[in-house]
Every structure is written in structure tokens, then in C-alpha cells.
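Below: one structure, written as C-alpha cells.
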Amino acid sequence: MRTALAISAIAMEVAMILLILGLSDGLVGESVRRQRGIGADILMRSPTSSSAVTSGPAGIDESVVTDIEKLPGVAMAIGTAFSMSAGLNTVTGIDINQLDRMAGGLGYVAGKPFEQPYEAVVDEYYAKQRKLSVGDTLPLLNRDFKVAGIIGAGKASRIFIPLRTKQELMRWEGRLSQIYVQLDDSEQARGFAEELQRMYPDNPVYTMEVFLSMFASQTRGKADEFVDVIVGIAVAVGFIVVLISMYTAVLDRTREIGILKSLGASPGYVVNIFLRETALLTVAGIVLGIGLARLGEAMLENSFPLVTVSILGGHLMRATAIALVGSILGALYPSLKAARQDPIEALAYE
């Protein structure tokens, strides 16, 4: 029972570490993939944007899109107005046909682009999570929208509605949150971004690669504290359970320890016995924990399609190292206690 408890605690520790790291990287990676899937080379954001992650009210005049499209080297430019829904998904107002052109096709799974003011297009993962089909009603921004189409994932947002409708509901008439620019030659993105920044000094302008790098860095930075807390809790649980388990093992084997020491076993030999046992239990717990994490990954992605879990090789190495170090530290005190026991007192222990 003691062995099973120790292995289970280590397994839970490893599984928690892998899942929280996988969730953090998975959600960031999915957001980056969706932004990259637009096919833009340049991104201009509203002056109210405080970082790559957050965005304030729409602050770009619509006329800027037309002005940018007139510049030499610009293939097309589209403006969007977006905000977060109650479910923390982005609701993006956009010209869906222009997005289709820029992204090289949205890959409709069902339905068609929206044509009416209160129609919406959602991606396949959001549709699966909410159990939506074409023609269903979707409450958004205190209004009911009809689902006109379902597209493949990986194109900017989960939910799209007509730009004019979004602006009207948010009272952002004639204003945009950001502008995506596609160039004739993507190699000119850096120079073009610098030129746009000079033309519009109040608006942050980025190449998409720079923006996505900043977005990933800032998002991970915001998640690091939460991840560290969960990892810390997992480590503490594993450490305490191993400590108690090995301390109990020392008490149970006091007479055996006395016999070993009376036969000439050194303190190092006794410590080595308990550390080897701990290492064996830890390896078993790590293997079980990886299996539990993979099972949890499959269950999460099946039950919550919007949740992306990405368990990488680096995560496996980190979880393994943490579990090994935590378990060895947990076993160290009981092992040293066993090594310091007097053989005569140990043999007389009842």
C-alpha cells in the first residue's frame, strides 16, 4: 500500500506538471497559428493597444485601409474590429470575403459566408465545443446570430461577424481595432513596416513575425506565475508523500537495518538502499504519470475542442527531472535517519 501510494503521488505530480505545461504552450501555439493563418505580412494596431496581448477600444479610422491599399507593393489590406466574448473567445468583425482572399481560402466545412447583418461564421472547433450546426442560433454581444457557415480552424479568430454589425454593436462606427496588410513581396515586410510606422507614428506597426514573437513571449510571461504555482504544488505533494512513505519504511525496517549494520554495513550502504528504492519508485511513477498525462490530453481535447494541449519533449525532460530531484530530497532525511541508527537499539526495536 505504501509503495502504491508513493508511485501514485509521483505519477500525479508528473501528470500535473505535463498537463499544465502542455496547456500553456498549446494555447499559445494555437493562437499563434491562427494569426499566422491569415496570410498577412504586416499588422497595424490601434493606438490604444497596450501590448501584443491586450487591445483597447477600436482607434483606427477606416479610411486608413484605403490609404494603405494605394501604396506601391500592397496586394491588399483588411481592417477588423474585435473584442472578447464571455467565453474568452475573440468575436471579430470583418469582411469575410476579403479574409477568404487574404488567407488563401477559409476551407468551409459547412455552410457559406455570412450575408446578413446578424449572421456569423465560426470555426470547426468552436462549433464542436458548442455543438453548433449551420442554421443554429448563437448568442453574441447580447444579440442572437444565425450560424451561416463553419470553417476550418487556424484563421485569426473563432467567431466572425460582419464588420458593420460589430461596429454598430460596440459603438465603433467608422473605426477599426487593427489592419492586416499583405504585400506583393513578403521579403519587403520589414522595410514596409518601418515606412508605415513613419506615416502613422501613433499606431504600433509590426511585421507578423515580430508581432507573433512578441505575442508568444508576453502570453507565456503572463502564464508563467500560474504555471509555477501549479508546478510548485505538484512538487510539494510528491515530496511530502515520498518523505512520509520512506520515513514509514525506515520505521518498519528498523530491525533489518540493525542486522545490516551489525554485519558491517556502512551508513553509506544503508542510505544507498533507500535511495535506490526511491529511484525505482520514482521511475515507475514517472512512467505512470506520462501515461496519465497522455490520457488527460486526449480527454481534454475530446471533451473541450477549444483547449489545445501540446506536451513536448522538453516538458517530459522537465517533469522527469523535477520528479527525480523532489523524490530524492524527500527520501534523504529518512535515509540518513536509518544510517545513523545504533545497531543494538535497532535490533531491540519492537
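The values are calculated or read from the model by the stated rules, or taken from the named source; none is laboratory data. The model shown is predicted, which means the values in this text are computed figures rather than measured ones. Backbone-built Cβ (ideal geometry, glycine too); neighbour counts: all protein chains shown. Remember, those area values only see protein heavy atoms, side chains included, never the ligands or the DNA or RNA. Shrake-Rupley method; radii C 1.70, N 1.55, O 1.52, S 1.80 Å.
General remarks:
- There is at least one residue in the range 306-321 that is touching a Leu at 6+ places or on another chain (Cβ under 9 Å), basic (Lys, Arg) and modelled with pLDDT of 85 or more.
- Pairs, first under 12 Å from Ala9 (Cα atoms) and open to solvent by 70 Å² or more (accessible area, probe 1.4 Å) in the range 286-301, second of a type in the set (Gly, Ala, Ser) and in a helix (DSSP H, G or I), C-beta under 6 Å, six or more apart: Leu288/Ala11
- Identity of the residue in the range 198-240, surrounded by fewer than 15 Cβ atoms within 10 Å (Cβ to Cβ) and of a type in the set (S, T, N, Q), that ends up nearest to Glu62 (Cα to Cα): Ser213
- Selected residue (criterion: modelled with the highest pLDDT) from residues of the range 31-88 that are polar (S, T, N, Q), part of a loop (DSSP other than H, G, I, E, B) and open to solvent by 50 Å² or more (accessible area, probe 1.4 Å): Thr48
- For the range 257-277, a residue qualifies if it is part of a helix (DSSP H, G or I), surrounded by 14 or more Cβ atoms within 10 Å (Cβ to Cβ), of a type outside the set (Val, Ile, Thr) and over 44 Å from the mean Cα position of the chain (by Cα), and the qualifying residues are Gly258, Leu260, Lys261, Pro267.
- A Cβ distance below 6 Å, combined with a sequence gap of six or more or placement on separate chains, defines the contacts here; from the range 107-126, residues that are within 17 Å of Leu140 (Cβ to Cβ) and open to solvent by 30 Å² or more (accessible area, probe 1.4 Å) reach residues that are part of a strand (DSSP E or B) and among the β-branched types (Val, Ile, Thr) in the pairs Gly111/Ile150.
- Residues in the range 224-271 that are under 27 Å from Leu27 (Cα atoms) and among the β-branched types (Val, Ile, Thr): Val227, Val229, Ile230, Val231, Ile233, Val235, Val237.
- Taken over the range 91-112, residues that are in a loop (DSSP other than H, G, I, E, B), more than 26 Å from the chain's Cα centre (by Cα) and within 12 Å of Met76 (Cα to Cα) amount to 0.
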